[in-house]
Amino acid sequence: MKRHIRLVLVSAVLALSACEEEDKLPSFDPVELSIMAKVSDLRNTESEIRNQAMDALVQHGARAVPRIIPLLSEQNAALRNRAAQVLGRMGAEAKEAVPALVGRLKARDEAMVVSALGAIGQIGEAAGEAVPELTAMIRDPRVHKETKRHVGRAIVNIGGPSVPALIEALEDDDPGYRYGAARALSRMGMDAEPARPALEKAKNDPDQKVRFWARKTLSWLDGEKEKTARAASQPKGSASVPPQERLAR
């Protein structure tokens, strides 16, 4: 044992001597060390320590993503879900993790699937590459109805990149699929504007629910256009002044 310790010390001295000959010492990135420590803390049995680690990793943002991605494949279900939550809280900064999150959508663990969907939705527009898999899940009869609700939320939160797939869905033979698309578009705000021609056509859909949501979305889009037009026609600066103050002047 003593001989082994002496050999280790000799090796360390030789390594330091080599560094000194090159006028440099080993350097460690403090940020990377902090990220590694916080990733390790995600395994801690104390909830307070785990929560602090999650908050810290979110603050590190994109820099921490490569260290978190492997946790999505851990055997520990709670750790996998924590990793997905952290990535979701990072928003668009976690874009690099989207392929890994999409991969977890095929997991047998329903909680993991829901956590991955939540993260994808929170990443938002930057998760556009997930749309094909999400639309496939909507069609898949093996996917639980409640899970499909989470899929729908993710599609809506992705926004613009989801619209082409929803436009295509409005032409589908399945009325349930057309209804889902019309309903999703109704929740997307102005991102739904490119779907206007398809929504106009859907106003005459054989399914009453599809017609209702198509008309509702078009009505909202028209209202927003009118608001924008009125705001543009007002004298410069008047839009921000309350009517009572303008009359007083």
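Here, each number is a calculation from the coordinates, and none is a lab measurement. All figures in this text were calculated on a predicted structure; none of them were measured in a lab. Neighbour counts run over all protein chains shown; Cβ positions are idealised from the backbone, glycine included.
Which of rounded, prolate or oblate describes segment 20-158 when judged by the alpha-carbon gyration tensor and an a/c cut-off of 1.5? If you can, show how the numbers build up before the last one.
On the way: a/c = 2.62, a/b = 1.97, b/c = 1.33.
Because a/c hits 1.5 or more and a/b exceeds b/c, segment 20-158 counts as prolate.
Per-residue HN-Hα couplings for segment 76-92, Karplus 6.51 cos²θ - 1.76 cosθ + 1.60 at θ = phi - 60°, whole Hz, x for Gly and Pro?
Karplus-based 3J(HN,Hα) across segment 76-92 equals 6, 4, 5, 5, 4, 5, 4, 4, 5, 4, 4, 4, x, 5, 6, x, 4 Hz.
Rounded to the nearest 0.05, what FRET efficiency do residue 40 and residue 111 have when you use their Cβ-Cβ distance and R0 = 30 Å? Present the calculation step by step, with values, prior to reporting the outcome.
Values: r = 23 Å, r/R0 = 0.76.
For R0 = 30 Å, the calculated efficiency reads 0.85.
Over 31 Å between C-alpha atoms is what I'm after, so list which of 95/148; 203/225; 95/227; 38/106 land there. If you can, show how the numbers build up before the last one.
Details: 95/148 22 Å; 203/225 19 Å; 95/227 34 Å; 38/106 28 Å.
Result: 95/227 exceed 31 Å.
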